[in-house]
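**Q** First the structure, then my questions, so here it is.
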Amino acid sequence: MSKVRIFLTFFCILFLFQGFYAQEQEEDASAGLMNQIRRDKYNLFLPQVMQENQIDMWIQVIRPWSSDPLSYEFGGEAGVFIFTDRGGDRVERAVFNGEVIDPGAYDIVRGKVFDIDYQNYYIPKDPEKAPETELDIRFDYLREFVAKRNPKHIGLNYSETLSLAEGSEVRQLTDGISHTDYVQLVKALGRKYAKRIVSAEHLILDYLSIRTKKEIEVHHKVGLKATEYLDAQFAKIVPGKTSLGELEQNVFVRDPDGNEHNNDSYVIRRGDLVGILHGAGDMLRIIDADTGGTGYVLREGETELPPEVQKFWKDILKIREILQKNIKAGPTAKETLNTLITKLEEAGYVYIDRDEYNKNADPIKTQVHLDLHAMGKGVLSPRISPMGPMWHWNREIKVNHTFAFEYMVHMPVPKWGKGKHLYACLHDGAIVTEHGVEFPYPPTKGIYVIR
């Protein structure tokens, strides 16, 4: 082997090693960050949400191999997690028969997940006494543990009034523990304490929705990544050659009649408005961030955006300003939606409850559709939108509510003919602070010019 070839081989091996090492370091850093976030939330917010929901003991049963939105929060894929408000400003934390990545975050860790025969956990010890199974072990000593703390209200992870399964577009928001788990838990608690069980559905949603300062920092960094990815996709476009399917994530073109091509073989042409929604997430998916942009493909002879597209962008900015000024912590999503509709109409816009151009509306007024839903961790509520289940609208907007600043704009262009219009979907990240709406990473700055 020549010296050159030996050098190149060594260089490649070194490059791969450095790549693996960098990835390992990043994963370690993410794990450490998640541990810090978990402890911050336990210390700062767990007492608050338990007291607000009048629950002094919260039991979250996570069954192995089942998706649970709180696995990331608790640092465990299975186990019985018990949080008890025993007075003061700190909540006691315990986990029974669960493997957790950060045992130091808990006051009590009892049993190990490998004490249970998961390969045969579904087989009853005695078929005549079902549903007793290997999973009974999880609830050993539970009655004694609960009796010592004597809680008045025991919050358990099942849904009672909210349809949690339809509460997410990305991660599953489970409706709760299985029937078998519930029967086993009730049996372990005994009649006295079983009567004190209530649904923890609102507590769970409140806890998932809270953001620590560190999480907001992560949101900022991830949002910048999403913006870089978005820029890169627009840079790939070659008019007459690039198809929507060649670009990444949600890519679409709507013609002046409202007909849409989405991630298909449609080849981008001059005069098109191209929309791209791009997201990013951290290594452990602590939080996701999305951004959306619109690009205009210049026609032959054009050197800048034509007048109707320039006016379109002015409308987009004006609408953003109206929304930003009128979203605040305190009101419910539904109350906020009503306020926004009033403000938009006062400013001369038409509100539409579907993302479809309304041909019966004033033909010279720009139309606006809203879907300002929560973002990250699979929770879409509170949702300032006519979309989604009703309980999304009835939830209160709280400080540090992280959401998608998503709105759709349809601007008529009368000179093109009746019903002809321009379309854009804006999708930036935003957060509600004590001062109102702020952007943790820069929102879309303008319409991309594609030459």
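Where a number appears in this text, it was derived from the coordinates with a stated rule and is not lab data. It should be emphasised that the depicted structure is a prediction, and the values quoted were computed from it without experimental measurement. Glycine gets a Cβ as well: all are built from the backbone with ideal geometry, and neighbour counts include every protein chain shown.
**Q** Report, by chain and number, residues whose modeled amide H sits under 5 Å from the one on ARG86, excluding near sequence neighbours (fewer than 5 apart, same chain).
**A** So ARG86 has HN proximity to GLU92.
**Q** What is the packing order of peptides 90-99, 354-363, 178-187, taking the mean over residues of other C-beta atoms within 10 Å and listing the highest first?
**A** Final packing ranking: 90-99, 178-187, 354-363.
**Q** Label points 7 Å out from Cα along the Cβ direction at LYS318 and LYS398: separation in nm?
**A** Each label point is offset 7 Å from its Cα along the Cβ direction, giving 3.7 nm.
**Q** Nearest 20 debye, what's the magnitude of the dipole of the stretch 213-450 about its Cα centre given +1 on Lys and Arg Cβ and -1 on Asp and Glu Cβ?
**A** So the dipole magnitude of the stretch 213-450 works out to roughly 260 debye.
**Q** Also, quick follow-up: Would you please report the Å³ per residue occupied by the convex hull of the alpha carbon atoms in the stretch 264-321?
**A** Dividing the Cα hull volume of the stretch 264-321 by its residues yields 130 Å³.
**Q** Can I ask one more? Could you give the dipole magnitude of the stretch 171-330 about its Cα centre, charging the beta-carbon of Lys and Arg +1 and that of Asp and Glu -1, in debye to the nearest 20?
**A** About 1140 debye.
**Q** Using the C-alpha gyration tensor of the stretch 189-254, what are the square roots of 5 times its eigenvalues, in whole angstrom, with the largest one first?
**A** For the stretch 189-254, the ellipsoid semi-axes come out as 48, 18, 8 Å.
**Q** How would you classify the stretch 213-450 from its alpha-carbon gyration tensor, with a ≥ b ≥ c the square roots of the eigenvalues: rounded for a/c under 1.5, else prolate if a/b is greater than b/c, otherwise oblate?
**A** Here the stretch 213-450 falls in the oblate category.
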